[in-house]
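Engineer: What follows is a single structure, and I will ask about it in a moment.
Bear in mind that the values in this text are calculations on the coordinates, not laboratory data. Keep in mind the model is a prediction, meaning the values are calculated, not measured. Quick reminder, even Gly has a Cβ in these numbers, built from the backbone with ideal geometry, and neighbours come from all protein chains shown.
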Amino acid sequence: MSEQSLDPSKISPDLCVANNFRKIARTLVQTYEEALKPAGITIAQFSTLGTLNGAGPLTIQQLAEAMEIDRTTLARNLKPLTRSGLIEVVENPKDRRVKFVNISQLGLLKLQEAAPLWASVQEHFVTGIGQNELSHMMGTFAHIRTLAESH
């Protein structure tokens, strides 16, 4: 569709890809957040702990890349985890400018507490959508992301 043919009266937020993804993302995040409330962590914190559990210790840069978020957002997300003792941030003795982040023993316990809560919501969506459809959707999401990054 060329810019000249775009009729402003025909623009519908219901057809906007970004608007629909934003709505879905907000609803999904709220659903996972509600499920994780008894564990006292957010879905972002759960994801951080899960990433560190699987790949840590990581530098802040490596963790940001693994989670595909910018360093500023990551730094903001790490503060409450550090304060609550769920992660440890330590300087590299060889280069004090580099800091490593690792899940603490308390963080592992919190992750174990939260995992069944997360799994319940995850199973709800996997069952409701179906594994084949979900796999197809994930491929579509990856394709949309590639298109967005190339625009």
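Engineer: Calculate one ³J(HN,Hα) per residue across region 121-130 by plugging θ = phi - 60° into the Karplus curve 6.51 cos²θ - 1.76 cosθ + 1.60, and present them in order as whole Hz with x for glycine and proline.
Structural biologist: Whole-Hz 3J(HN,Hα) from phi for region 121-130: 5, 4, 4, 4, 6, 4, 5, x, 8, x.
Engineer: List the residues whose amide H sits under 5 Å from the amide H of V98, counting only those 5 or more places along or on another chain, with H placed 1.01 Å from N in the peptide plane.
Structural biologist: Under 5 Å from the amide H of V98 lie the amide H atoms of N92, each far enough along the sequence or on another chain.
Engineer: Nearest 10 degrees is fine. How inclined is helix 43-55 to the longest principal axis of the chain, computing both from alpha carbons?
Structural biologist: Rounded to the nearest ten degrees, it is 60.
Engineer: Right, something else. Using a 7 Å offset from the Cα along the Cα-to-Cβ direction at both H151 and V29, what is the distance between the two label points in nm, to one decimal?
Structural biologist: 1.9 nm
Engineer: Roughly speaking, what is the stretch gain from A75 to V98, that is 0.36 nm per residue apart minus the C-alpha to C-alpha distance, in nm to one decimal?
Structural biologist: Answer, rounded to one decimal: 6.9 nm.
Engineer: Indicate the gyration tensor shape class of region 18-151 (rounded, prolate or oblate), computed on the Cα atoms with a ≥ b ≥ c the square roots of the eigenvalues: a/c under 1.5 is rounded; otherwise a/b larger than b/c is prolate and the rest oblate.
Structural biologist: Verdict is oblate for region 18-151.
Engineer: What Kirkwood radius, in Å to one decimal, follows from the Cα pairs of region 1-73? Kindly include the intermediate steps, with their values, before the conclusion.
Structural biologist: On the way: mean 1/r = 0.0650 Å⁻¹.
Evaluated on region 1-73, it is 15.4 Å.
Engineer: Here's a follow-up. Between V17 and A55, what length comes free when the chain is fully extended (0.36 nm per residue of separation minus the Cα-Cα distance, one decimal in nm)?
Structural biologist: Extra length from V17 to A55 when fully extended: 10.4 nm.
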